[in-house]
Amino acid sequence: MTQETWRKYSEWPLVGAAFLFLAAYSILVIYEPPAPYAAILNWVMWLTWIVFGLDYLVKLALAPHRGRWFVRHPMDLLMVVVPVARPLRLLRPFTLRQVMARSPGLAIRTRVMAYVIASALILIYTVALSVLSSEKSAPNANITTMGDSLWWATVTITTIGYGDYYPVTVPGRWAAAALMVGGFAVLSMVTAAVSSWLVESVSAATAARIKPSEVSTSEELARLTAQIEQLHARLAANPEAAHDDDGRHGGMQDGAAR
């Protein structure tokens, strides 16, 4: 079995595992269910960890160059080591390379914007869950509800940062740092898409202004070419007339010289 074959059959089951993890983690953090239900949810989260771990080991074993694959795929390892990164697997079937493949300019920008928005929403929600899990029981914490955590995550990823809510625990601050980095990446992609649209719009407007003059020049060249071809055809059909014309022209020049 090759790595591509394994990826083909494991992609959507891993998306399902990521969704199960996100659902179980959300219920566990937001609603704090009693012990029997909490134990079931913890088992679901452990099961998803086993699934992601097996997927990583199989891909590493099937890689032609394991060291190179290990270096070039840090996100796969991150989803095994860091639980809150597993929901990012929901985006893996729609990688940015696939989003941009075989599409015209406008379609690429539309798909990239949709991909960026989906990435931002998943990042905001998962980091908000992680921060709430760390903060809600901490002394002097001001992020104690999911609403507060979502508000904080939204203003943080957009680099607004009112400062009315902030994490006080070490895990919460690490999550905040990851969210800030993600926010810069999201804004960079949005800026690139908008810049591409502006450049294409200006190029289209410039081409629209230049096109009429190019058309008139092309028509004039075509007209002159047709006249020259007609003249050549007439000369080829009546070479004696051309010789007489040359003689008369030469006689006129001699008379003028005298």
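Every number here is computed from the coordinates shown, using simple stated rules; none is lab data. Keep in mind that what you see is a predicted model, and the values were worked out from it rather than measured. Cβ atoms come from the backbone with ideal geometry, glycine included; neighbour counts cover every protein chain shown.
Take each peptide in 15-24, 168-177, 2-11, count the other Cβ atoms within 10 Å of every residue, and average; sorted highest first, the result is 15-24, 168-177, 2-11. Our estimate of slack between A114 and R223, defined as 0.36 nm per intervening residue step minus the Cα-Cα distance, is 34.2 nm.
Exposure proxy shown here: for W49, W152, the number of other Cβ atoms within 10 Å sets the order, fewest to most, as W49, W152.
Among Y115, Y31, which comes first, then next, by fewest other beta-carbon atoms within 10 Å? If you can, show how the numbers build up before the last one.
Working: Y115 18, Y31 11.
Final ranking by Cβ density, sparse to dense: Y31, Y115.
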